[in-house]
2 protein chains.
Amino acid sequence: MKVLIIGGVAGGATAAARLRRLNEKAEIIVFEKSGYVSYANCGLPYYIGGIIENKKALTLQTPASFKKRFNIDVRVNSEVLSINPKERTLFIKDLQSGKTYTESYDKLILSPGAKAIKPALPGIDSDKIFTLRTVEDTFRIRECIERQKPSSAVVVGGGFIGLEMAENLIQEQIHTTLLQRSSQVMPPLDYDMACQLHAYLRSQGLDLRLNSPIASYEEMADGIKIHLKDGTALETDMVLLAIGVSPDTQLAKEAGLTLGAKDAIVVDEHLQTSDKDIYAVGDAIQVSHFVSGLEAVIPLAGPANKQGRIAADNICGRQSTYQGSQGSSIIKLFDMTCASTGLNEKTAQAAGIKYDKVINFSPSHATYYPGASDMTIKTLFDTETGRILGSQIVGFDGVDKRVDVLATAIRGGMTGYDLAELELAYAPPFSSAKDPVNMVGFVIENILEGRVKQYHWEEIKELPQDGSVTLLDVRTESEYREGALAGSINIPLDSLRENLHQIEKNKPVYVNCYSGLRSYVAFRILSELGYCCYNLSGGYGFYEYILYDKSFDDTARHGCGVKI
Amino acid sequence: MKVLIIGGVAGGATAAARLRRLNEKAEIIVFEKSGYVSYANCGLPYYIGGIIENKKALTLQTPASFKKRFNIDVRVNSEVLSINPKERTLFIKDLQSGKTYTESYDKLILSPGAKAIKPALPGIDSDKIFTLRTVEDTFRIRECIERQKPSSAVVVGGGFIGLEMAENLIQEQIHTTLLQRSSQVMPPLDYDMACQLHAYLRSQGLDLRLNSPIASYEEMADGIKIHLKDGTALETDMVLLAIGVSPDTQLAKEAGLTLGAKDAIVVDEHLQTSDKDIYAVGDAIQVSHFVSGLEAVIPLAGPANKQGRIAADNICGRQSTYQGSQGSSIIKLFDMTCASTGLNEKTAQAAGIKYDKVINFSPSHATYYPGASDMTIKTLFDTETGRILGSQIVGFDGVDKRVDVLATAIRGGMTGYDLAELELAYAPPFSSAKDPVNMVGFVIENILEGRVKQYHWEEIKELPQDGSVTLLDVRTESEYREGALAGSINIPLDSLRENLHQIEKNKPVYVNCYSGLRSYVAFRILSELGYCCYNLSGGYGFYEYILYDKSFDDTARHGCGVKI
């Protein structure tokens, strides 16, 4: 058996190694357009920022090491120009010698990945505009920083690469502006969760400008000028364009393979394309979303690696199936961690799924043990069954643990009741006896069983202002004085029972505290006494970030710091 | 409704607060024998070592704060002398005034906890021997350290409290010896996993003496002498006795409640005792083990808290059930973390469950990103279904995350196949594209599908020495030279294909490398070529810790460092 693989990173490299382990005698050839194989794709931004110091750490695997260990023929600098599915051949160009040749296959695996999106804007081809996808891109950017010592940079796009690049540029003492077309960075988060990240990034020195679509680029003698659609402009020394990626599927298209959304390659559960001898894996394929069941394109390293393994299994006769991706992702930005898994509100709404949501605010571990920090967890669940649909977490220490527990729970089809029962490992340096994930379960359980009714920050502005409802803030007086919901009265929780006479019984009471915990206790007291109550999900603390974000945005877009 | 609760920590305090949230009008009284309520039980050792500096951090809750927030009457220094289930009354002694009185109940919750075991050895009542269970015990030990400035201490017992105390005493610059009756510390681990902990603790300055049962204690003018059963003795300034706890159920016994194993209180799934008006929670009860289904006593804070919530639910009419404990536990010792969940080999064997096991050795995150450290994961699975039965992890960073993912997988009844498919959140600072838990799944899957056959370290000594089998070490030459299995030949993996002629085809080949990963690749090469192979689970690196432990023990027991 002769297997050819197009693409030697993540999915392609995994497939090659797995193929060899399953079949010692197969002939396996990997074609990689870039000069590197199986490189540390996700580590590239950290080399630019100097966190990863050694070039070699990024490129541990070489064609020679693949040959030695796996007897696999890896051909770098080798561009596949076309696929001929009928003849089962590839037409390849050696980019160093310029020579072209043909190679036949019994089975072909496509792992071409995705390419950085470059919008057709005037000036986009300036060599002061960089994209980051390959090792070569990385070295180019690093070299530019080392040689030209830019004092400012603009990152365009607030996804994973854009944010990681912004962090690493700031680490290099470069004044960095991030331009984001929409009102939030980090698309896997909902807007309300992203607000905390916005505030944090600004506190770390990032000049973050939301709602700032670009009209054109203009190269200058000593830099590049970016014209925004709102008529303003800013000058900078270099631009890092990171507005997203799209499946690199021109070859597949020309070969007549069926493409789906975003021109991603359509595969079945065995990762077989519309041609039975061609499999496809990684960022270039369309998958079904594990939670919604809808078709999706989810370019992440974890799924790519798993798919590589599965494609190899199927080629070697093992009926292995891919169950879909759930979009588990995580990013470290300075000391903050943002993570998500499953559906967020945007994707749940797009899928037409009926959900409810809870916001939890929990310390990373027992607060009496030093070093605890708070995290915010937003969890969506199915209102009928309580099944967990997705979760987003923003915080510092311990965020990665909770998102993985929630990702596992989602994989297992678990409900809020199940989260309440999870027996996680507790000691003071690591957690609390009631882990943040248990707390998520407790709140969902309380909602499903009618022990608490919530209201959300989006509803605050719709509350009647005519005195027909009571807004009750149960925080301490000093907390209340520093900022509270307009029209709310303050009765601290610990004196609520003595002050019930201040609350009219025939009016609905909208209770809030800072996080939703004290107000839940107040809710229970009041509702046991016959009041009709609603508890502000996430509390005033959550809402405050949204207020801050909305107020900041306009100022920030016209603030100083970058030459305008 | 009037509810009395005996015990105001963990389970008792949780039950009280939950009761109030569910029923604003109930009369709730909590009796706590010690002077403190809802204190930070698991934080006590860290106050002794000075990591938690403020006394108040341990005792944030007070009777006054409980009264204010929950309208609960908490009576500290109040010992319940007897329960009269027929009359539904308690007979209580106020330990400060000496007064006794009776209190009636509609429902009673027992949360008496466990007490430190004190064996009936000569000299055991010396006031230089301390136990640690309450806040008072903690202050007593801290005061002894501050006033008497002991230069040496002996900890007896290598469970959670003993180990945490040893760490904290060493942090205080006190020369610390730990005496352990059996051949290992940390009972939730199997011996082979504990060996790594033993080596690490010794490297941190702990004088660890295994297999060292004590015969008697003898108080001296300036210290205390400990006579071991092997005839040796050692002198020290103070002894911390931490050989375990037993359910504190004398009251329950006298009240005629049914007791089970270790005199723990028998409860049904609603946590109801043999008396329908009495519920019991926490360290004092017998639970069913979530994985084995067997009766067990599992004194841990997480389960105690969940049980408190469930008892309150049932009392308030919500049919809530406890599904059993799985013994998820974790401990930080200096920078090392040891964790476990579910069954280990000892408990699986006791339960008569047919299992197989895999040992994985994985970096905590992508090795090209700074700060990665290795962890060892031992996982037991059902040989028929692949269901995960339990897991133990020893390592540094990221151990807490993996044990919680595995604990969640166990709760969800997941198999090794499911672990392979888990989509966990990956970025270089947090994990690898193939997370350590995925790797566990991959190995289990390979075993279940016959793609690899293992042998374990216990079997090494049983391998025939007559030349009828080949022991093949596929590490590099330099690794091999530093120590290898007796009788093994060395062919590094990357030159295996050229040296096949050195391996006789008609003999079984027992392959090993350092961790089991390279030898798995060798296994696949050889077995594809018709060899009969076995792969050493965990590799030579795992076995080396066991060899080291066995060789160390005897020397350590008679080493210097403590006055003999």
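The values are calculated or read from the model by the stated rules, or taken from the named source; none is laboratory data. Owing to the predicted nature of the structure, the values given are computational and were not obtained by experimental measurement. Cβ atoms come from the backbone with ideal geometry, glycine included; neighbour counts cover every protein chain shown. All accessible areas refer to the heavy atoms of the entire protein, side chains included, with ligands and DNA or RNA removed. Shrake-Rupley method; radii C 1.70, N 1.55, O 1.52, S 1.80 Å.
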| query | B:MET375 is checked against (1) more than 7 Å from chain A (Cβ to nearest Cβ); (2) more than 23 Å from the chain's Cα centre (by Cα); (3) in contact (Cβ under 8 Å) with a residue 60 or more places away in the chain and fails just one. What number does that condition carry? | reply | (2)
| request: Select from segment A:487-526 the residues that are without any contact (Cβ under 8 Å) to a residue 12 or more places away in the chain and either among the aliphatic types (A, V, I, L, M) or within 14 Å of chain B (Cβ to nearest Cβ) (or both) and write down the one among them that is most open to solvent (accessible area, probe 1.4 Å). | output: A:GLU498
| query | Taking A:GLN204, is it within 30 Å of A:THR379 (Cβ to Cβ) and free of Cβ contacts under 8 Å to residues at least 60 places away in the same chain? | reply | no
| message | Considering only residues that are surrounded by fewer than 17 Cβ atoms within 10 Å (Cβ to Cβ) and touching a Leu at 6+ places or on another chain (Cβ under 6 Å), which ones fall in segment B:165-186? | response | B:SER183
| request: Answer yes or no: is there a residue in segment B:32-44 that is among the aromatic types (Phe, Trp, Tyr), at pLDDT below 95 and open to solvent by less than 40 Å² (accessible area, probe 1.4 Å). | output: yes
| query | Here are some residues: A:GLY293, A:GLY324, A:GLY308, A:GLY317. Which one is more than 7 Å from every other protein chain (Cβ to nearest Cβ) and over 24 Å from the mean Cα position of the chain (by Cα)? | reply | A:GLY317
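Per-residue answers, yes or no, for (1) within 23 Å of A:LYS115 (Cβ to Cβ); (2) surrounded by fewer than 23 Cβ atoms within 10 Å (Cβ to Cβ):
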position	(1), (2)
A:LYS2	no, yes
A:GLY8	yes, no
A:GLY12	yes, no
A:ARG21	no, yes
A:LYS55	no, yes
A:THR59	yes, yes
A:ASN77	yes, yes
| task | Hey, can you tell me all the residues within segment A:166-188 that are among the aliphatic types (A, V, I, L, M) and under 23 Å from A:THR341 (Cα atoms)? | result | A:VAL185, A:MET186
| message | For segment B:400-418, give me each residue that is more than 9 Å from every other protein chain (Cβ to nearest Cβ) and open to solvent by less than 10 Å² (accessible area, probe 1.4 Å). | response | B:GLY416
| query | A:SER97: out of contact with any His (no Cβ under 7 Å at 6 or more places or on another chain), outside any strand (DSSP E or B), modelled with pLDDT of 95 or more and open to solvent by 40 Å² or more (accessible area, probe 1.4 Å), yes or no? | reply | yes
| remark: Within segment A:274-298, of all residues that are of a type outside the set (A, V, I, L, M) and either assigned to a strand (DSSP E or B) or under 18 Å from A:ALA10 (Cβ atoms) (or both), the one most open to solvent (accessible area, probe 1.4 Å) is A:GLU295
| Which numbered condition A:GLU423 fails, given (1) within 13 Å of chain B (Cβ to nearest Cβ); (2) open to solvent by less than 10 Å² (accessible area, probe 1.4 Å); (3) in contact with a helix residue (DSSP H, G or I) (Cβ under 7 Å, 6 or more places away or on another chain); (4) in contact (Cβ under 8 Å) with a residue 12 or more places away in the chain | (4)
| request: Name the single residue, out of those in segment A:127-143 being part of a helix (DSSP H, G or I) and touching a helix residue (DSSP H, G or I) at 6+ places or on another chain (Cβ under 8 Å), that is surrounded by the most Cβ atoms within 10 Å (Cβ to Cβ). | output: A:THR138
| Extreme residue, farthest from A:LEU241 (Cα to Cα), among residues of segment A:169-186 that are in contact with a strand residue (DSSP E or B) (Cβ under 9 Å, 6 or more places away or on another chain) and in a helix (DSSP H, G or I) | A:ILE170
| request: Can you tell me which residue within segment B:527-544, out of those that are assigned to a loop (DSSP other than H, G, I, E, B) and without any contact (Cβ under 8 Å) to a residue 60 or more places away in the chain, is farthest from the other protein chains (Cβ to nearest Cβ)? | output: B:CYS532
| note | If we keep only residues of segment A:426-465 that are within 14 Å of chain B (Cβ to nearest Cβ) and of a type in the set (D, E, K, R), then the residue farthest from B:ALA15 (Cα to Cα) is A:GLU449
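Residue-by-condition table, conditions (1) of a type in the set (A, V, I, L, M); (2) in contact with a Leu (Cβ under 9 Å, 6 or more places away or on another chain):
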site	(1), (2)
B:VAL74	yes, no
B:ASN77	no, yes
B:GLY98	no, no
B:ALA116	yes, yes
B:PRO119	no, yes
B:PHE130	no, yes
B:THR138	no, yes
B:PRO150	no, yes
B:ALA153	yes, yes
| query | Condition test on B:THR321, is it farther than 17 Å from B:PRO112 by Cβ, open to solvent by less than 10 Å² (accessible area, probe 1.4 Å), not in a helix (DSSP H, G or I) and not small (Gly, Ala, Ser)? | reply | no
| field | Test result for B:PRO428, within 28 Å of the chain's Cα centre (by Cα) and either of a type outside the set (A, V, I, L, M) or open to solvent by 10 Å² or more (accessible area, probe 1.4 Å) (or both) | value | no
| task | Test B:ALA64 against the criterion of being within 13 Å of another protein chain (Cβ to nearest Cβ) and either in contact with a strand residue (DSSP E or B) (Cβ under 7 Å, 6 or more places away or on another chain) or under 17 Å from B:ALA304 (Cα atoms) (or both), and give yes or no. | result | no
| task | Examine segment B:144-160 for a residue that is closer than 30 Å to B:TYR543 by Cα, at pLDDT 95 or above, of a type outside the set (Ser, Thr, Tyr) and open to solvent by 50 Å² or more (accessible area, probe 1.4 Å), and state whether such a residue exists. | result | yes
| request: With respect to B:THR470, determine if the residue is more than 10 Å from every other protein chain (Cβ to nearest Cβ), open to solvent by less than 30 Å² (accessible area, probe 1.4 Å) and not charged (D, E, K, R). | output: yes
| said: Checking A:THR347 against (1) surrounded by 16 or more Cβ atoms within 10 Å (Cβ to Cβ); (2) within 24 Å of A:ALA425 (Cα to Cα): exactly one of these is not met. Which one? | reply: (2)
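Here is a yes/no grid of residues against (1) touching a Ser or Thr at 6+ places or on another chain (Cβ under 7 Å); (2) part of a strand (DSSP E or B); (3) at pLDDT 95 or above:
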residue	(1), (2), (3)
A:CYS195	no, no, yes
A:LEU201	no, no, yes
A:GLY205	no, no, yes
A:SER212	no, no, yes
A:TYR217	yes, yes, yes
A:LYS225	no, yes, yes
A:GLY231	no, no, yes
A:GLU235	no, yes, yes
A:LEU240	no, yes, yes
| message | Restricting to segment A:529-539, give me the number of residues that are out of contact with any helix residue (DSSP H, G or I) (no Cβ under 8 Å at 6 or more places or on another chain) and surrounded by fewer than 21 Cβ atoms within 10 Å (Cβ to Cβ). | response | 2
